[in-house]
1. Quick one: grab Rg to one decimal and Dmax as a whole number for the stretch 86-177, Cα atoms only, in Å.
2. What whole-number value in Å² describes the accessible area per residue of the stretch 68-110 for a 1.4 Å probe?
3. Once both labels are modelled 7 Å past Cα along the beta-carbon direction, what's the Ser52-Ser30 spacing in nm?
4. Answer with one residue from Thr146, Leu123, Pro171: the one whose Cα lies farthest towards the positive end of the charge dipole of the stretch 122-192, charges on Cβ with Lys, Arg +1 and Asp, Glu -1.
5. In the chain, if the dipole is taken from +1 on Lys/Arg beta carbons and -1 on Asp/Glu beta carbons about the Cα centre, which of Asn17, Phe43, Trp74 is farthest to the positive end?
6. Starting from a Cα-only point model with no solvent, please compute log10 I(q)/I(0) by Debye for the chain at q = 0.16 1/Å.
7. Let's test the formula: R0 of 30 Å, r as the Cβ-Cβ distance of Lys183 and Asn3. What FRET efficiency results, to the nearest 0.05?
8. So, R0 is 22 Å and r is the distance between the beta-carbons of Ile194 and Tyr14; what FRET efficiency does that work out to, to 0.05?
Amino acid sequence: MMNSINIKTPLTKYKVNELITKRWSARSFSDKQISEDVLMSLFEAASWSASSMNEQPWEYLYAYKGSSSFQKMWDCLLEGNKSWSKNASVLIISLTRKYFASNRQPNRHAMHDVGSANTTLLLQAAAHDIYGHMMGGFDYEKSKETFKISDDYEIACFICLGYLDDAEKLPEPFKTRELTERKRKSISEFTRLI
């Protein structure tokens, strides 16, 4: 078993579902490709996320490694994400519609809802031993132009997906990040009994 799995799997104070502790933002991906059936199961999981007024405002653009679309997506990433994301099996652009379909009013919950869908997708990925990494480091305008994304949509993030590989193959500082224990705030730091 790879060291990164042992290092990144947290010991929680309270019991949580194994998929939650298994999900982390990996950077080292193997050459193993994600099958279409498995990828569709991830999107199926996302489709069942909660959303305001059941709007389901999320949309995904995706491409497999080796395709011209994958290269175009990769070209939109900022330099800090390029060195390691090139090995992902799939790249995804996560979008959200900014307006309700029924009345064209602004959906102020849209970004929350797409975040929920993305998390559900990543938990389903963890169930398949697939690791994902959501990325905010991308050229927003280049992405909109390259993929002809209308102003009705907001780009939430890029996501790379793949099967885990050895952290030793990563350049620094990413190798160290891959092998550093995860930390979270204590529950008392973000909750208040009122």
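The values are calculated or read from the model by the stated rules, or taken from the named source; none is laboratory data. Because the structure is predicted, anything quoted here is derived from the model rather than measured. Note that each Cβ is placed from the backbone with ideal geometry, even for glycine, and that neighbours are counted across all protein chains shown. Surface accessibility is based on the protein's heavy atoms, side chains included, excluding ligands, DNA and RNA. Shrake-Rupley method; radii C 1.70, N 1.55, O 1.52, S 1.80 Å.
1. Final numbers for Rg and Dmax: 15.7, 52 Å.
2. Heavy-atom SASA per residue in the stretch 68-110 reads 47 Å².
3. 4.2 nm
4. Final value for the positive-end residue is Leu123.
5. Ranked along the dipole, the leading option is Asn17.
6. Result of the Debye calculation: -1.10.
7. Values: r = 18 Å, r/R0 = 0.58.
About 0.95, to the nearest 0.05.
8. E(calc), rounded to 0.05, equals 0.60.
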